[in-house]
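> Below are the structure tokens for one structure; questions will follow.
Rule-based calculations on the coordinates, nothing more; no lab input. On a predicted model such as this, the values are computed, not experimentally measured, just so you know. Quick reminder, even Gly has a Cβ in these numbers, built from the backbone with ideal geometry, and neighbours come from all protein chains shown.
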Amino acid sequence: MDWIHPFNWLLCVSVCECWRLARSLPALHGVVQSPQFPQPYPAALSQQWDLSVPEGYQLQLSFTHLDIEPSADCYYDSLTVLYDKKVLAGFCGQENSADGHHPGNRPLLSPGNRLTLVLQTDDTNPEPHQHLGFSAHYQAKDIDECSAPDPEDSSGPLCSQICHNTLGSYMCSCRHGYELRPDQRTCVLSCGGGIFDEPEGTLSSPGYPDPSPHGLACQYVISVEPGFIVTLNFTDSFHIEHIGTQNGPSCLYHWLQVSIPDKEPQKLCGVRSPGLMPTNSYTVQLNYHTDWAGLSQGWSLHYTTQRVQCAPPSSITNGRVTPNFPQYYYRDYIQVRCDPGYKLMMDGREIKSYASMCQKNGQWHLSLPECHIIDCGEPEKLLNGGVRFISGSQNQHLSVIQYYCNEPFYSLLGGATVSYTCAADRTWRDNLDTPVIPSCIPVCGQPTMSISGFQRVMGGDKAPDKTIPWQVMLSVDGGRGGAMVIGDRWIMTAAHNLVQQDKLVLKEKVRVFVGDNDAEKLAKLTPLGVTSLHPHPEYKNTDSANYNHDSALIKLQQPLTFQAAIMPLCLPPENATYNIGQIGMVSGFGIKEDDTIANDLRYILLPVVKEDECQDSVNRAKAATSTKKIPVLTVNMFCAGVPEGGKDSCMGDSGGAYVLRDSITKRFWAAGIVSWGVGCGQTGRYGVYTRVAKYISWINKTMEDNK
């Protein structure tokens, strides 16, 4: 290294006068290059680079290129590498050049974490061979402090027991039974193991498997979370000095004492391992004692924990416990679900759900509930009907009921009898699984009493009670008229009963009476309340000579309850036929043959008349009078009567029903509404009736729109 000396003085001067790069935080690697690299470096240059990496590392420098003017001992231009002002190397020349000193591919390793580079050039960079300077890469190299020789200051090894090399540093640790002192280098014996609160762990005597030191008084406490129990599992390598006796080993001088709350402490010694030792406690204290003599090889154990166990829940009648485990432990949850049709009950009240947790004391935090059969409550009442039990009792699950209607006045919609069962959702459901109860619809046109023979209205006989239950006695502003019941809230009559002088009468002046064949008795009853009046919108009878569309509906305030004396009349189908000669019946409280008002309901049997014969009758009436205007006969009307006269409806019967009887169903249906006529019961004259079948659509729409 004698080639360095000629420029020692020069280095000293240059180091004092050169400029330094700004400091930055140490990096793990970097690149350093001569000025203007890869262009030729300038002449008359003196530049210094201070390189560093983090503490705990060495700095390694590797040249990727070096081209500095060569000279003997690098006299003219040179790159000098220093560590703490001590020159490590000086470089110049080119790779494989005869003059100079080139580093080649060998990296340079600093004794510490820093290096200083100094580039000095003279006043020239000769042509034509200008030199490019250098480029180098530096990086941090970890120092293995643990493999380094002990310090020369006789301070001892870095770590007294175990040394662990780390990136940029090192750390010390101790063997079991020892603990690291505050200097983080030396280890001292530790008998206080502290508190072990992890779910499992390993404990052993100090220095194990080496023999235990003398004079030990070590204490270890295992204390885990309440709700868990500790189990000790000693290894087979167990040796604690003992004195043999007939009753087994005596732990007189050395022992390991196991203390469990609420139990007598147990001293262990000898050469036989205790093996697996359940404690049934979440806390255990171990005390290890040796005197100043004797020899114990020591002990080692691994402890584990498991959750406290709760007793399996008992079975639930009409229910089940989930999940179904062979054993249940601390923090396990159970739920109780009742069988379909049963409900959870606890302390006399129903609960929506039940869950209970196994507690740390081994008890369930809630007692088990019971499953009681559900009930669906009283079945919904059926209007105009009732309910009967088929099976079961107290409306309980799977009880079966049937709805029925008050026959013969009402029948079930659809006709079939349907059973309802109390379902698990506490609703009564039919066999289609719907909770909708049936409806009772009125039976129409089927009186409970029949007329054995028919007589005429004028001069006819009284109607027996309950034989014409659809008959209505109408009183409009004091005048009497007729009408018929067609629904529980609907009455049908003639429009001319409700429209007077082209004006609709006030509903308060319309009085409706039903339920008796005696007019005087009816008049003493409270009339039915009227909600609204609905004459046909096309009825226009300004001069009392146009009875076309003579039909009207009356809506009642309260629905009627049908019974033998009050029943509705059936409406005809839209395609109903009126066969010539077919016998129909008219009833009413109108004028009798002696021109007196009938007090009793009367009836007569009248045949349907041919249309042309009816028209001829009207034409003859027009020809026979010049003072009275005869109404026009339209397709919305039909005639009934006999040519010889004497049998007819009359004043006071207007709005009443002309009924025909279906030959198959035997039901009476409203064929006509008593509308008008020329005289009453005169020879060659007939009564004229509104043809109801023409107005079925209007009737249904009016009732639907005015529910």
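> Compute the length gained on full extension between Lys628 and Tyr83: take 0.36 nm times their separation in residues and subtract their Cα-Cα distance, giving the result in nm to one decimal.
Length difference between fully extended and current span is 181.5 nm.
> PRE reach from Arg620 (point 7 Å along Cα→Cβ): which of region 688-706 fall under 17 Å by backbone N?
688
> Find the percent of Cα-Cα distances in the chain that exceed 52 Å, and round it to a whole number.
Everything past 52 Å amounts to 61 percent.
> So, one more: Mind putting a number on the dipole of region 53-211 about its Cα centre? Charges go on the C-beta only, +1 for Lys and Arg and -1 for Asp and Glu, and I need it in Debye to the nearest 20.
That gives a dipole near 340 debye.
> Going by a ≥ b ≥ c, the root eigenvalues of the Cα gyration tensor, does region 535-591 fall in the rounded group (a/c under 1.5), the prolate group (a/b larger than b/c) or the oblate group?
oblate
> A follow-up question, please. Using Cα positions and a limit of under 22 Å, work out the lysines in reach of Lys628, with same-chain residues fewer than 8 apart set aside.
Lys540
> Could you please state, rounded to a whole Å, how far the C-alpha centre of region 372-411 is from the C-alpha centre of region 172-238?
Taking the Cα centre of each part, region 372-411 and region 172-238 sit 77 Å apart.
> Could you run the Karplus curve 6.51 cos²θ - 1.76 cosθ + 1.60 with θ = phi - 60° over region 70-80 and give me ³J(HN,Hα) per residue in whole Hz, x for Gly and Pro?
Using θ = phi - 60°, the values come out as x, 7, 5, 6, 6, 6, 8, 10, 7, 10, 10 Hz.
> Turning to a different aspect of this structure: Find which of Leu252, Cys74, Gln359 sits farthest along the positive direction of the dipole of the chain, computed with +1 on the beta-carbon of Lys and Arg, -1 on that of Asp and Glu, about the Cα centre.
Gln359
> Per the helix-only calculation at 222 nm, which mean residue ellipticity applies to the chain, given -39500 (n - 2.57) for every DSSP H run of n ≥ 4 and division by its residues, nearest 500 deg cm²/dmol?
-1500 deg cm²/dmol
> Between region 689-707 and region 301-337, what's the alpha-carbon centroid distance in Å?
72 Å
> If amide hydrogens are placed 1.01 Å from N in the peptide plane, which non-local residues have theirs closer than 5 Å to the one on Leu252?
Amide H to amide H, under 5 Å and 5 or more residues apart or across chains, Leu252 pairs with Ile243.
> Measure off 7 Å from each Cα along the Cα-to-Cβ vector at Asp433 and Ile583, then give the distance between these two points in nanometres to one decimal.
About 5.6 nm separates the two model spin labels.
> Let me ask something else about it. Full extension from Ser173 to Asn324: what is 0.36 nm times the residue separation minus their Cα-Cα distance, to one decimal in nm?
49.5 nm
> Whole number please: convex hull volume per residue of the Cα set in region 385-442, in Å³? Walk me through the numbers on the way to the answer.
On the way: hull volume 4.2 nm³, N = 58.
Considering the Cα atoms of region 385-442, their hull volume per residue is 73 Å³.
> Name the residues whose placed amide hydrogens come within less than 5 Å of the amide hydrogen of Ile373, ignoring near sequence neighbours (fewer than 5 apart) on the same chain.
Correct list: Lys343.
> Ok, one more. Through the Karplus equation 6.51 cos²θ - 1.76 cosθ + 1.60, θ set to phi - 60°, convert the phi angles of region 265-272 into ³J(HN,Hα) values in whole Hz; use x for Gly and Pro.
x, 10, 8, 10, 6, x, 10, 9
> While we're on this one: Using amide H atoms built in the peptide plane, which far-off residues or other-chain residues are under 5 Å from Leu268 H to H?
Here the answer is Leu256, Gln257, Val258, since their amide H atoms fall under 5 Å of that of Leu268.
> With r defined as the distance between the Cβ atoms of Thr317 and Gln219 and R0 fixed at 41 Å, what FRET efficiency is calculated, to the nearest 0.05?
Step by step, r from the Cβ atoms, then E = 0.15.
> Still on this model: Provide the percentage of antiparallel DSSP beta bridges, counting only those with both residues in the chain; round to the nearest 5.
95 percent
> Need one number: convex hull volume per residue for region 260-363, Cα atoms only, in Å³.
139 Å³
> Based on Cβ point charges of +1 for Lys and Arg and -1 for Asp and Glu, what charge dipole magnitude is obtained for the chain about its Cα centre, in debye rounded to the nearest 20? Write down the numbers at each step before the final one.
On the way: 54 positive and 71 negative charges, 1163 e Å.
Dipole of the chain, to the nearest 20 debye: 5580 debye.
> So how many Å³ per residue does the convex hull of the Cα atoms of region 191-307 work out to?
Measuring per residue, one finds 93 Å³ for the Cα hull of region 191-307.
> Excluding same-chain residues fewer than 8 positions from Lys524, which aspartates and glutamates have a Cα within less than 14 Å of its Cα?
Asp516
> Under 22 Å Cα to Cα from Lys343, which lysines show up? Leave out anything in the same chain fewer than 8 places away.
Here the lysines satisfying the reach criterion relative to Lys343 are Lys352.
> What list of ³J(HN,Hα) couplings, whole Hz, do you get for region 196-202 from phi and the Karplus terms 6.51, -1.76, 1.60, once you set θ to phi - 60° and write x for glycine and proline?
In residue order, the calculated couplings are 9, 10, 6, x, 8, x, 10 Hz.
> Among Phe409, Gly529, Met492, pick out the residue whose Cα is farthest towards the positive end of the charge dipole of region 401-546, where Lys and Arg carry +1 and Asp and Glu carry -1 on C-beta, about the Cα centre.
Selected residue: Gly529.
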